[in-house]
Amino acid sequence: MKNKSAKWLWAILFSTTAIGHAQEAIPDFYKEPGIQPNRAFVNQSQNENIDPFTGALQRHYIDLRIPGNGGMDLTIVRSYNSSSVDPANPTQPRMSAGLGWTLHFGRILKSRNSYPCLNQNLESVSDNPILELPDGSRQLLTFTGQNSPLMITTQRWKAMCSTSGIGLVVTSPDGMVYDMTQALGSGSTANPMYEWHTKKITDRNGNYININYASASSAEIRSIRPVMEDLPHLHTLTQEKQLHGLAA
């Protein structure tokens, strides 16, 4: 009788842990992705970083960098993190470059519902949206209780609701503005993970980069168009040219 009860207890604990982990977008301290300034890493190559505590492997590559006007470089970063693959829900959040790999210009993640501007649980941060940068690092967006900024992270990234009502407009500490309004939906009914990817990046001087996707609800990047007055030679990067295979 005791053995049967113990088996049931372990089964309940395991299933509860798996479901909770699968639905969670908030960065875990022990499995936090990206290169964190307050964590130590070891490596045997330039692009490799291993967390000595968890054993998680990270690899980050700059596939393309084009110098831009006023320091607004066009940079395409491809990142891998072994801890980002959840065995209970390996396809969430969606990874356009393969399991464990990310290739995007920044995105918002939310696991509770599809309203990034709404905090339905004032006593917990479990309902808060998460900012994920191209290197895979995640930051919790905390509601300020004010209209401007509506949300802020510990690293001083600020977020406001988009005027279109879809996604967020996020501002970096150096003044770069990211329109994260490419809504992907949940992708799963059992363990939903809502995403909003970057469609436009604007610097303080008015230069901007448009990111075009395969469809209105796709993470597949089809073309990237920088608009910079002092660089007339810089043309659109399309999937058929430089972007082929990067976000298929």
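No lab work stands behind these numbers, since they all come straight from the coordinates. This one's a predicted model, so the numbers in the text were calculated from it and none came from an experiment. Cβ sites come from the backbone with ideal geometry, for glycine too, and all protein chains shown count toward neighbours.
Numbers for the structure displayed
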read-out	value
Exposure proxy order (Cβ contacts within 10 Å, fewest to most) of R138, R65, R107	R65, R138, R107
By average C-beta atoms within 10 angstrom, highest first, the peptides 202-209, 177-184, 140-147, 108-115	177-184, 108-115, 202-209, 140-147
Least to most buried among H104, H60 (fewest other Cβ within 10 Å first)	H60, H104
